[in-house]
1. Give me a count of the residues in the range 41-60 that are part of a helix (DSSP H, G or I), surrounded by fewer than 16 Cβ atoms within 10 Å (Cβ to Cβ) and of a type outside the set (Gly, Ala, Ser).
2. Quick one: is VAL98 in contact (Cβ under 8 Å) with a residue 40 or more places away in the chain and either of a type in the set (Phe, Trp, Tyr) or touching a helix residue (DSSP H, G or I) at 6+ places or on another chain (Cβ under 8 Å) (or both)?
3. Across the range 78-91, which residue is farthest from the chain's Cα centre (by Cα) among those that are surrounded by fewer than 13 Cβ atoms within 10 Å (Cβ to Cβ) and among the hydrophobic types (A, V, I, L, M, F, W, C)?
4. Looking at the range 9-26, is at least one residue within 29 Å of the chain's Cα centre (by Cα) and part of a loop (DSSP other than H, G, I, E, B)?
5. Has the range 75-87 got at least one residue that is over 16 Å from ILE35 (Cβ atoms), of a type in the set (Val, Ile, Thr) and outside any helix (DSSP H, G or I)?
6. How many of the residues in the range 92-111 are surrounded by 11 or more Cβ atoms within 10 Å (Cβ to Cβ) and out of contact with any strand residue (DSSP E or B) (no Cβ under 8 Å at 6 or more places or on another chain)?
Amino acid sequence: MNSTVKTALLWVVIIVLVFLLWSLFQTTKGTSETIAFSQFLDRVNSGAVESVTIRGDDIRGETKSTVAGGKKEFHTTALTTYPAMVDMLRAKGVKIEVEHAADTPFITALITWAPVLFLIGLWIFFMRQMQGAATRRSRSASRRPSSSPATPRR
């Protein structure tokens, strides 16, 4: 098989594997149902919510396994100036966790773009390696003595 075809096939395999790994890590994030804040309050009042995690204005939680549909994750956005919500959650026996607000946008963007930047860096690395190999090949070819006898030019 031609070395160019082998190289192209290797690149195709590498690219496919990288995209498969990337999609694997993207789909492992937990899937949760987005609900309206009023629906969240209704679930709390009916006693269907088992636990919540409040991070800034983002609320993530789980329903009890005894409710219809079983244990499910959900998330919603709430008003940060709604103190009655915590009282209601405590009255219904909901486990409450509070975390710091989300990371800065720079960190989030860096995490999002890290795989793309890694792929670009990997591509540049391999291109430089291939260029170096081509240069070495051309230098070694020019050092070989020619098979034809040298004829003096007039």
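1. Looking only at the range 41-60, we keep the residues that are part of a helix (DSSP H, G or I), and these are 41-46.
In the following step, the residues that additionally are surrounded by fewer than 16 Cβ atoms within 10 Å (Cβ to Cβ) were identified as 42, 45-46.
The next check asks that each one be of a type outside the set (Gly, Ala, Ser); those that pass are 42, 45.
Of the residues in that region, 2 qualify.
2. On the way: in contact (Cβ under 8 Å) with a residue 40 or more places away in the chain: yes; either of a type in the set (Phe, Trp, Tyr) or touching a helix residue (DSSP H, G or I) at 6+ places or on another chain (Cβ under 8 Å) (or both): no.
Criteria not met by VAL98.
3. ALA91
4. Filtering the range 9-26 down to residues within 29 Å of the chain's Cα centre (by Cα) leaves 9-26.
Right, trim to part of a loop (DSSP other than H, G, I, E, B) and you get none.
Within the range 9-26, not a single residue is within 29 Å of the chain's Cα centre (by Cα) and part of a loop (DSSP other than H, G, I, E, B).
5. The answer is yes; a qualifying residue exists.
6. 4
None of the figures in this text is laboratory data; all of them are computed from the coordinates on show. Being a predicted model, the structure only gives us computed values, none of them experimental. In this analysis, Cβ positions are derived from the backbone assuming ideal geometry, glycine residues included, and neighbour counts consider all displayed protein chains.
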